[in-house]
1. Quick check: is even one residue across segment 185-195 outside any strand (DSSP E or B), open to solvent by 60 Å² or more (accessible area, probe 1.4 Å) and more than 27 Å from ASN270 (Cβ to Cβ)?
2. For segment 281-319, enumerate the residues that are part of a helix (DSSP H, G or I) and under 30 Å from SER196 (Cα atoms).
3. Identify the single condition in (1) modelled with pLDDT under 85; (2) among the polar types (S, T, N, Q); (3) within 29 Å of SER146 (Cβ to Cβ) that SER276 does not satisfy, given that it satisfies every other one.
4. Need at least 2 residues that are open to solvent by less than 50 Å² (accessible area, probe 1.4 Å) and closer than 30 Å to ASP233 by Cβ per element, so show me which strands (runs of 3 or more DSSP E) inside segment 45-84 make the cut, counting only ones lying wholly within it.
5. Could you give me the residue pairs with C-beta distances under 8 Å whose first residue belongs to segment 185-201 and is on the phi > 0 side of the Ramachandran plot, whose second residue is surrounded by fewer than 24 Cβ atoms within 10 Å (Cβ to Cβ) and not in a loop (DSSP other than H, G, I, E, B) wherever it lies, and which are 6+ apart or on separate chains?
6. Could you pull out the residue among ILE245, ILE201 that is within 30 Å of the chain's Cα centre (by Cα), open to solvent by less than 40 Å² (accessible area, probe 1.4 Å) and modelled with pLDDT of 90 or more?
7. Which one of ASN322, ASN278 is surrounded by fewer than 19 Cβ atoms within 10 Å (Cβ to Cβ), among the polar types (S, T, N, Q) and either assigned to a helix (DSSP H, G or I) or touching a residue at least 24 places away in the same chain (Cβ under 8 Å) (or both)?
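The values are calculated or read from the model by the stated rules, or taken from the named source; none is laboratory data. Computed from a predicted model, the values in this text were never measured in an experiment. So basically every Cβ, Gly included, is an ideal-geometry build from the backbone, and we count neighbours across all protein chains shown. Only protein heavy atoms, including side chains, enter the accessible area calculation; ligands, DNA and RNA are left aside. Shrake-Rupley method; radii C 1.70, N 1.55, O 1.52, S 1.80 Å.
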Amino acid sequence: MRQKFNQIIYDIRRQPLIGTVTIIATALSIFLFMVVAITERVKVVPFSPESCRDNLLMGKYLHLQKTDETGSDMSSGLSYYTAKKLYENLDGVERESFMEPDLSATLVKGTTQKSFSAYSRGVDAEFFRIFDHSLISGTFFTDAESDANMPVVVISESTARKAFNSIDCVGMPIIIQHKKYIVRGVVKDSSRLACSACGDIFIAKGYHNKKEDVFSSLSDYFGGIAVALLVKDDSDFEHIRQQVIARYKELDTELATDNWKSVYHEAPFNQEILASDNFGSNWSPDLSQQNRVRNLLYGILLILPAINLSTLLHSRMRKRMNEIGIRRAFGCSRPRIIADIITENFLFTLAGGIIGLALGIIFAITYSGLYENMETAGQNITPAIGAVINAGTILIAIAVCFILNLISAFVPAWQASRLNPVEAINAK
């Protein structure tokens, strides 16, 4: 290996322009690839407060269809009655949280002079046992407080500073949409890319013993609730879904009396589906087109740079024809020539890849414009460090370097191995 490094250093000294351009071109190629890859990975890779993504399922919608000739249908979010009927006490589920799936813009005022806008989410106490929000001060509200709809909240650090100019605000009153609440705790700010768990204000919401806990008409099947399910490590998602399908069939028994039936859309949804735009309240998720577009983009980001890098490697090989001819004359085999050239080029590619990876990580962390097309609310849409710098990102970068090296180096290496030794030695 030391000999390979010496060869690379010699090549750069002998052909400084081509060597430098090769490393820069590789770095830019890896940079572009990693920016796209990181943008996709932050949607699914676990990071606080959604460190549970690998074990998370969400039930969000209900779709009903008329069984008579009209064929009319209705679809929306879940009421507590429906959410409990479909998702409560499933085998293989460790915890379940009834919560509002989307953030709501709210007007907030603390002890400071000015009111300001923040994003709130109604959650039960179980929410904080599924999503790992980090407390700075105070506590989370209790099951009793959320079940009783006590006017208590947990707020983010930035909200505390805006409302009170301090994070030492536990027990203080805060006005949210003209209603008085008491601050129970303060948590660290979370990235808006944690779409299921983020928020500025978490309001204690309990749905027990309310109208949503009973059923009186068809409209009581619908509401503004979602269910977060934390699946046990030894359980699989399909086992959970089979139970939900059975629950849908039980629901159809109720609906049949009014000539309605439910339409199952592969709920509950895993993180890959939640992160996509290809599902809704009245259609099933379809990731095939999204995956095809993504794979096509990855292919373009690999093949086009590989063509350019292959041309640069051709230029470098032309300067080494005498060396290759001498090696062939002394019995070096063609496979060995190919292997040596690919290995040397991989070290070139790896050097550029390290630079490209570093640039990609810096860009992904600092440029929030990458994520503006995602369904996020508010300004904090930069990803958490753990979502960008992790073992998966490093492995992807190394794999891309390896594939890019094979695509760009194989043809020049094969052609070099086919050189006639005498012609190569005499070449100028």
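1. no
2. SER288, GLN289, GLN290, ASN291, ARG292, VAL293, ARG294, ASN295, LEU296, LEU297, TYR298
3. Of (1) modelled with pLDDT under 85; (2) among the polar types (S, T, N, Q); (3) within 29 Å of SER146 (Cβ to Cβ), only one is false for SER276: (3).
4. 56-59
5. GLY199/TYR119; GLY199/SER120; GLY199/ARG121
6. The match here is ILE201.
7. Numbers: ASN278 fails: either assigned to a helix (DSSP H, G or I) or touching a residue at least 24 places away in the same chain (Cβ under 8 Å) (or both).
So the residue among ASN322, ASN278 that is surrounded by fewer than 19 Cβ atoms within 10 Å (Cβ to Cβ), among the polar types (S, T, N, Q) and either assigned to a helix (DSSP H, G or I) or touching a residue at least 24 places away in the same chain (Cβ under 8 Å) (or both) is ASN322.
The rows are residues; the columns are (1) open to solvent by 70 Å² or more (accessible area, probe 1.4 Å); (2) at pLDDT 80 or above; (3) over 29 Å from CYS195 (Cβ atoms).
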{"residue": "ILE326", "(1), (2), (3)": "yes, no, yes"}
{"residue": "ALA329", "(1), (2), (3)": "no, no, yes"}
{"residue": "ALA351", "(1), (2), (3)": "no, yes, yes"}
{"residue": "LEU359", "(1), (2), (3)": "yes, yes, no"}
{"residue": "ILE365", "(1), (2), (3)": "no, yes, no"}
{"residue": "ILE381", "(1), (2), (3)": "no, no, no"}
{"residue": "ILE398", "(1), (2), (3)": "yes, yes, yes"}
